[in-house]
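Undergrad: After the structure tokens below, expect a handful of questions from me.
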Amino acid sequence: MKRRHWLAVPATLAAGLLLVVFVRPADAGTTLGASAAESGRYFGAAIAAGRLSDSVYTGILDREFNSVTAENEMKWDATEPSQNSFNYSRGDQIANRALARGQKVRGHALLWHQQQPGWAQGMSGTALRNAAINHVTKVATYYRGKVFAWDVVNEAFADGGSGGRRDSNLQRTGNDWIEAAFRAARAADPTAKLCYNDYNTDGINAKSTGVYNMVRDFRSRGVPIDCVGFQSHLTNGPPSDYQANLQRFADLGVDVQITELDIAGSSQANGFASVVRACKAIARCTGITVWGIRDSDSWRTGENPLLFDNSGNKKAAYTSTLNALNGSGVPVSPGTSNPPASSNPPASSNPPASSPPPAGGSCTATISVNAWNGGFTASVRVTAGSGGLNGWRANVTLPSGSAVTNTWNATASGSTGTVVFTNVSYNGTVGAGQTTEFGFQGTGSAPSGTPTCS
């Protein structure tokens, strides 16, 4: 951690008193990166290799930021354009330049349902799973010692009110694909922070709670997850429960990072300051990355959501951000600098189970499935009746020859025929008219009938 050092300069007053004037070093608190470093944090920017020939762009980059993220150059389509044939040239251009200038490198992103190479888009099932894990292993191994944190999995949860997983070719390989990716990343690089990253999770809502439940489950079972990234693509500012949401994740024992910050709207300056203050109030909020440098570099065309204008001039938002970084806050916890080693216990997709209380009312259930030759995943939505629920059971009848192999957000009794699923500790209480979801993976043909619920 970089600490402030003050120089005491004596000055004699007319009355004979001695005035001690404290002079701050010239480099402390005068740039975003230096100010963040005062409390042990980083302040970074996402950058593009194609803009590194722009002297205005690199001038700001080198002066202001102590961390960099590659916008696209480390994603799957860029690093493995042909299966098992890797190209790191553009990623290296960013990483090596940053490291030579004393900047940290944040890796983005090992697995994402978008920006997959064409050859992966046409794969499914076991073949895709094996290819994905191979990709994680090879890329994380290559950048071992250079990248301090990885977005291992990006944007795997669905928008809307379900709090469930996003349907994708990766998800259809089995609900444990995220866990498998994190285990592979830890094996490849034991020292890098391993993060899950998503958007629209800034406040306490169904989507962020779905991510929260996954992280809590992972932590309880020893799955190696060290941090959660909040993209924070905002308008005017963060939601009122922004800090509380970050804190509840930190309370699980993971770091939180603001990974893709940009803010549009008339209250932009106040919004940036609010985000910084929220981060500085949380000991496990270790850094902030803005997604681009100048407004003209932003993916939010015409919204001017960054700290520098098209010409590279500092905006009011820059000043408010710098002032907030120089304000009071909680230093980063000493224990967050290095991720703990994981014992990597045998994989299991079941969250911690508890004995379900007796059902407290009527309910209905609906099922949606994603099937491939020889297997399937299923999501079941349980909806409480007018009396609400204090525990629930859902019965799913499988076709002959099919079997349940993994379950999440529920406990399964049996694996063939009619399988009885019951709630776990955190989703048994459901308000009247409200819903909760669980899922399972199986072999054979997918179920087609409607589940029963009680």
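Undergrad: Distance between Cα centroids, segment 46-76 to segment 181-246: provide it in whole Å.
TA: 24
Undergrad: While we're on this one: Taking all protein chains in place and a 1.4 Å probe, what share, in percent, of the accessible surface of the chain do carbon and sulfur account for?
TA: 50
Undergrad: In whole Hz, with x marking every Gly and Pro, tabulate ³J(HN,Hα) for segment 72-84 from phi via Karplus 6.51 cos²θ - 1.76 cosθ + 1.60, θ = phi - 60°.
TA: So the J values, rounded to whole Hz, are 9, 6, 10, 7, 4, 5, 7, 8, 9, x, 10, 4, 6.
Undergrad: Next up: Got the relative contact order for the chain handy, in percent, Cα pairs under 8 Å and 6 or more residues apart? The partial results should precede the final answer.
TA: Working: 1050 pairs, mean separation 54.3, N = 454.
Across the chain, relative contact order equals 12 percent.
Undergrad: Let me ask another. For segment 256-307, list log₁₀ I(q)/I(0) at each q in 0.26, 0.28 Å⁻¹, using the Debye formula over Cα point scatterers of equal strength and ignoring solvent, two decimals each.
TA: Treating every Cα as an identical point scatterer, log10 I(q)/I(0) equals -0.99, -1.07.
Undergrad: Roll a 1.4 Å probe over the protein heavy atoms and report the accessible area of ARG216 in Å², nearest 10.
TA: Spelled out: ARG216, probe radius 1.4 Å, area about 80 Å².
Undergrad: Place a +1 charge on the Cβ of each Lys and Arg in the chain and a -1 charge on the Cβ of each Asp and Glu, then give the dipole magnitude about the Cα centre in debye, rounded to the nearest 20.
TA: 840
Undergrad: Right, next: Please report Rg over Rh for segment 115-162, where both radii come from the alpha carbon positions and Rh follows the Kirkwood definition.
TA: Reported Rg/Rh (Cα atoms, Kirkwood Rh): 1.05.
Undergrad: Still on this model: How far is it, in nm, from the label point at SER362 to the one at SER386 when both lie 7 Å from their Cα along the line to the Cβ?
TA: Taking the simple label geometry, SER362 and SER386 are separated by 0.9 nm.
Undergrad: Considering only DSSP beta bridges where both residues belong to the chain, give the percentage that are antiparallel (nearest 5).
TA: Of those bridges, close to 55 percent are antiparallel.
Undergrad: Quick check for you: with a 1.4 Å probe and neighbouring chains kept, what is the accessible area per residue of the chain, in Å²?
TA: 40
Undergrad: Taking the Cβ of SER298 as the center, what net charge do the other residues with Cβ under 13 Å away carry, scoring Lys and Arg +1 and Asp and Glu -1? The partial results should precede the final answer.
TA: On the way: positive: ARG51, ARG294, ARG300, LYS315; negative: GLU71, GLU260, ASP262, ASP295, ASP297, GLU303, ASP309.
Net charge in that neighbourhood comes out at -3.
Undergrad: Next up: Under a no-solvent Debye model with one identical scatterer per Cα of segment 118-264, what's log10 I(q)/I(0) at q = 0.14, 0.16, 0.19 Å⁻¹?
TA: Debye output, listed in q order: -0.69, -0.89, -1.20.
Undergrad: Summing Lys, Arg as +1 and Asp, Glu as -1, what charge do residues with Cβ under 12 Å from the Cβ of TRP392 carry, TRP392 excluded? Walk me through the intermediate numbers first.
TA: Working: positive: ARG381, ARG393; negative: GLU437.
For residues surrounding TRP392, the net value is +1.
Undergrad: Give, as a single signed number, the net charge of other residues whose beta carbon lies under 13 Å from the beta carbon of VAL276, with Lys and Arg counted +1 and Asp and Glu -1. It would help to have the intermediate numbers written out before the result.
TA: Numbers: positive: ARG41, ARG277, LYS280; negative: GLU38.
Net charge around VAL276: +2.
Undergrad: May I have the count of lysine pairs in the chain with C-alpha atoms under 13 Å apart, counting pairs 8 or more residues apart or located on different chains?
TA: Lysine pairs meeting both conditions in the chain amount to 4.
Undergrad: Please give the peptides 235-242, 417-424 ranked by average Cβ packing (other Cβ atoms within 10 Å per residue), highest first, as a rough proxy for protection.
TA: 417-424, 235-242
The values are calculated or read from the model by the stated rules, or taken from the named source; none is laboratory data. Here the structure is a predicted model, which means the values were calculated and not measured. Please note: Cβ atoms are built from the backbone with ideal geometry, for glycine as well, and neighbour counts cover all protein chains shown. Please note that ligands, DNA and RNA were not included when accessible areas were found on the heavy atoms of the full protein model with its side chains. Shrake-Rupley method; radii C 1.70, N 1.55, O 1.52, S 1.80 Å.
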